[in-house]
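Nothing in this text is a laboratory measurement; each read-out follows from the coordinates by a stated rule. Everything numeric in this text was worked out from a predicted model, so none of it was measured. Heads up, the Cβs are rebuilt from the backbone with ideal geometry, glycines too, and the neighbour counts pull from every protein chain shown.
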Amino acid sequence: MQLDWTCRFGNVKAILQLKKSLNLGEVSNHFQIVANKLLELEGTFTDGFDNNIKYLLNKKNWHLANCKQGKPSIALKKNCNQYAFDLFCFPIVNNEPQALIKPFDADSPFKEFNPSSLGPLLSIPKLKDFIAVTIHCGDEADMELLKYAHILLEQLIDLLSTSLHVVENSGQSVQEIFLSVEQQLKELKQA
């Protein structure tokens, strides 16, 4: 059966309300961890705090002489392990993604520092565990939160792709991770 990856809800708070209504006010730790990270991502552009995403999109931080078509070149890499789902951004210097760049590097597309040195643009702790719990015994709210996480992440990547020159976008999406975990769990049951 093909799963529909559209989410019926437009924000985390609505999904959280659904979760509470389904479980008499109880919210599991796995759900809460993922929901909190998504709330943080939702607030990226509405809250006044500086973050890696705002830094990347601020044209004042761009070293225009090193930009392609007026945009800094970057590589986006998604990684999911037992600890977290991470979205990394690596500036392209001399046609190669760089994990480490000296501050004020003359060849960097960014003026002051390397955004990747601050860690991932986005990190969702225990996402793989939450996916496994959702597949095994999750409810409608768990699935809606995963769908929303997928949509929010894809929107962030689209925003970065239109604002910056994305040379590489690698790694699995939340949807692909879900399907991979689902397949692994099926294979374990059959073994």
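Okay, here's what the table says:
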| read-out | value |
| --- | --- |
| Wholly enclosed helices (runs of 4 or more DSSP H) of segment 1-85 bearing at least 3 residues within 17 Å of the chain's Cα centre (by Cα) and not hydroxyl-bearing (Ser, Thr, Tyr) | 29-42, 52-57 |
| Residue within segment 105-128 that is within 30 Å of LYS189 (Cβ to Cβ) and surrounded by fewer than 18 Cβ atoms within 10 Å (Cβ to Cβ) present | yes |
| Every residue from segment 158-191 that is more than 23 Å from GLN82 (Cβ to Cβ) and of a type in the set (A, V, I, L, M) | LEU159, LEU160, LEU164, VAL166, VAL167 |
| Condition check for LEU22: in contact (Cβ under 8 Å) with a residue 40 or more places away in the chain, within 20 Å of GLY138 (Cα to Cα) and touching a Phe, Trp or Tyr at 6+ places or on another chain (Cβ under 8 Å) | no |
| Scope segment 40-87; condition farther than 19 Å from VAL174 by Cβ, among the β-branched types (Val, Ile, Thr) and crowded, with 19+ Cβ neighbours inside 10 Å; matching residues | ILE74 |
